[in-house]
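First up is the structure itself, then whatever we jot down about it.
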Amino acid sequence: MIISRYISKEIIINICWVSLVLFGLVLFSRFNIFLSQAEVGKISPENIFIALLLFSPELLNLVFPLSVFLATGFVLTPIFKNHSTIFDSGSFGSFRLVWSQKWLILGIFSISLFLSTFLSPFFTSKAEDLIDKDNSVTSKIAFPSGLVPLQPDTFNAFGIRDGNTYKDLLFFFDSNSIDSFIYAESATIRGDKEDISLVFTSGFLYDDTRKAMSRFNDEASINVENFTSPEYISTLTLLKNDDIESLRELYKRISIPLFCLVSLIFSLVFSSYAAFFGRERTYFFLAIINIFYLLLTISALNSSAANPTSLTISFFWMHDLFLILALLLIAKPIKRIFGYEGL
């Protein structure tokens with residue numbers, strides 16, 4: 001039908017616009033967080049935009065569900081408010097509306113599933129690796145200011161940061177004394193999580209115990225403590241594993257797509273009540289209910305259930321509840337209870 005294609009087109013356009021606005025807001029917020037971390041040396045300034053790019057799928061995965069129900073209500077509430085008699089005369093009720101949008105529902109669910117199970121986990125893992133690598137050494141190299149005491153049993157290094165390198169770096173081997181140290185005109189951090197080194201260029205080594213000093217013009221390196229970051233496990237691997245933690249991670253990845261699916265169906269059905277409640281109140285109730293539903297979905301991500309049955313119930317009960325609620329709102333007896341049927 002022409003009206004079905006029109007509704008699908010308008011919902012898609014509005015989802016794109018709302019997603020763009022929300023994505024811009026959360027991206028700007030994350031950018032400010034990275035700037036504050038860069039000021040204290042916990043992330044390299046040149047890595048900020050790389051980290052933002054890597055975190056983008058995760059951010060989009062968070063704003064996409066919001067844009068789905070907001071855009072759906074924005075499109076349908078004025079249509080049902082102003083043209084409900086035309087829909088009623090053509091027997092274009094809630095069930096036919098949902099069925100006419102089956103390809104839209106399938107498409108939105110597929111996009112959310114791809115974002116949540118494949119794209120977002122992979123790039124988020126890479127972003128966390130990048131930040132953890134910076135934090136493993138960068139946050140431990142202090143800027144010298146006045147008399148700086150050595151901290152016992154820790155990493156004592158002092159230098160002036162310049163992009164991804166350090167100038168006038170001073171590294172003490174013994175955290176309890178100044179008897180042995182390395183000074184370098186410049187130094188860089190190299191390697192990955194398996195093997196990280198602090199590489200010195202043009203400096204000297206001083207050892208008071210041996211009463212010796214050795215100068216080097218090329219490179220000298222020392223190994224530093226490796227950083228730890230959660231290992232990325234693909235969704236396909238999670239499907240093959242049968243342990244409780246793999247099941248928990250799998251449920252986390254499919255929770256948001258299920259929310260998109262059920263929330264869209266619920267929004268399509270509830271928007272038809274705009275002819276009775278009015279556009280503004282319907283849109284308000286629609287947003288509040290879906291936000292409450294989203295909060296329930298997110299809260300389940302922290303479930304500590306220790307067996308598969310309890311874990312499954314804690315992750316999926318809210319989806320079943322709101323799907324049943326959407327189906328009940330289609331029924332004419334429920335509309336009569338609200339006083340909507342027969343208007």
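Read-outs throughout are calculated quantities, based only on the coordinates presented, and are distinct from any laboratory measurement. All values derive from a computational prediction rather than experimental measurement. With ideal geometry, Cβ positions are generated from the backbone for all residues, glycine too; neighbour counts draw on all protein chains shown.
At a glance:
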quantity: Amide H contacts of Ser186 (H built 1.01 Å from N, under 5 Å, at least 5 apart or other chain); calculated: Asp168, Leu169, Thr201
quantity: Which label in (i) 99, 40, 31; (ii) 64, 55, 40; (iii) 52, 41, 39 gives the computed Cα extents along the principal axes in Å; calculated: (i)
quantity: Normalised convex hull volume, the stretch 156-223, alpha-carbon set, Å³ per residue; calculated: 88
quantity: Within a Gaussian network of the chain (alpha carbon springs, distance under 10 Å), most fluctuating of Pro57, Pro152, Pro78; calculated: Pro152
quantity: Furthest towards positive pole of dipole, Leu301, Ala127, Phe270, structure part the chain, Cβ charges; calculated: Phe270
quantity: Distance from the stretch 288-321 to the stretch 246-266 (C-alpha centre basis), Å; calculated: 9
quantity: 21 Å Cα-Cα threshold exceeded, pairs from Lys133/Lys240; Lys9/Lys81; Lys9/Lys102; calculated: Lys133/Lys240
quantity: Ellipticity estimate at 222 nm from DSSP helix runs (n ≥ 4, -39,500 (n - 2.57)) divided over the chain, nearest 500; calculated: -20500 deg cm²/dmol
quantity: q = 0.25, 0.26 Å⁻¹, the stretch 1-71: log10 I(q)/I(0) [Debye, one scatterer per Cα]; calculated: -1.01, -1.05
quantity: Axial C-alpha extent at least 20 Å, average Kyte-Doolittle at least 1.0 - helices from the chain (DSSP); calculated: 2-39, 48-89, 244-271, 279-299, 308-330
